[in-house]
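In what follows, a single structure is set out as structure tokens and then discussed.
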Amino acid sequence: MAAFIAAFVRGMAGFGMAILLVPLIGLVIPPGEAVVVSNMLGLFIGLVGARKVWHAGEKSAGVIGGLAMLMTPLGLLALFATPPAAARVLIALVAIGAFLLVLLPAKPGHAPGKIETGLTGAAAGLLTGFAGMPGPPVVPYYLRRPIPREVARASMLTVFLLTSTASTAAALALRLASWRDAVFALILFVPVLIGNHFGSLAFGKVSDALWRGFVGFLLALSGLMAVVRLLG
């Protein structure tokens, strides 16, 4: 059920599956394995309709995704080397910061420069490996500009496919993933596939204002969950 709901959110918002899924599956398997499984699921579902998403997104998605792929292994190594308490603090700060950025008014005609784009890609990669959540730096990058929601969603999905690919490959290469993780991801892929399908259908029926509000709510939820884990 958790996988279905998380995938529905992904299909509608363009992100959010890991934000909801990692803490929940982390209750039954170690946190590091939960991130690995989440990234595997992100890769599996990202391959569904990948060509359509790639053509609908901005070119910046390829740049951000490429940089993120380079940084993801470093985030993954940091995850398994950082004490849990310190990791929770970092994740909470990033999640809350992303929510605050989305609350800022959009800049009409704003075109992010190379530095902003590069920092977004680097941060997305580190967070993919470290927390299985590339969304916090990527979502504000696209939502703070008045671009069509279809373009924003497709761009985010493109970035997340690339980061999921890099994280899965790095976990396998560094022997941080096991065959049990792969089996678990394959089992969860069925409800993820169904949930993502219904979420995509819902995306086409909501207004732009409602969609942006829903995305902002997800980031707020991400920050809240991070704080709860920090205090716990």
- Leaving ligands, DNA and RNA out of it, rank W211, W54, W179 by accessible area with a 1.4 Å probe, largest first. W179, W54, W211
- Note on the structure: About its Cα centre, the chain carries a charge dipole, from +1 on Lys and Arg Cβ atoms and -1 on Asp and Glu Cβ atoms, whose size in debye to the nearest 20 is 320
- Rounded to the nearest 500 deg cm²/dmol, what is the calculated helix-only ellipticity per residue at 222 nm for the chain, with -39500 (n - 2.57) per DSSP H run of length n ≥ 4? -27000 deg cm²/dmol
- The list (i) 26, 24, 16; (ii) 24, 20, 17; (iii) 32, 20, 17 gives values of semi-axes √(5λ) of the Cα gyration tensor in Å, and only one came from this structure; which label was calculated from it? (ii)
- Whenever you get a sec, line up F130, F184 from highest to lowest accessible area (probe 1.4 Å, protein heavy atoms). F184, F130
- By Kyte-Doolittle mean hydropathy of at least 0.0 and Cα axial length of at least 30 Å, which whole DSSP H helices of the chain are selected? 60-81, 149-173, 179-203, 208-231
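The values are calculated or read from the model by the stated rules, or taken from the named source; none is laboratory data. Being a predicted model, the structure only gives us computed values, none of them experimental. No Cβ is skipped: glycine too gets one built from the backbone with ideal geometry, and neighbour counts run over all protein chains shown. For the accessible areas, the whole protein counts, side chains as well, though only heavy atoms, and no ligand, DNA or RNA atoms are used. Shrake-Rupley method; radii C 1.70, N 1.55, O 1.52, S 1.80 Å.
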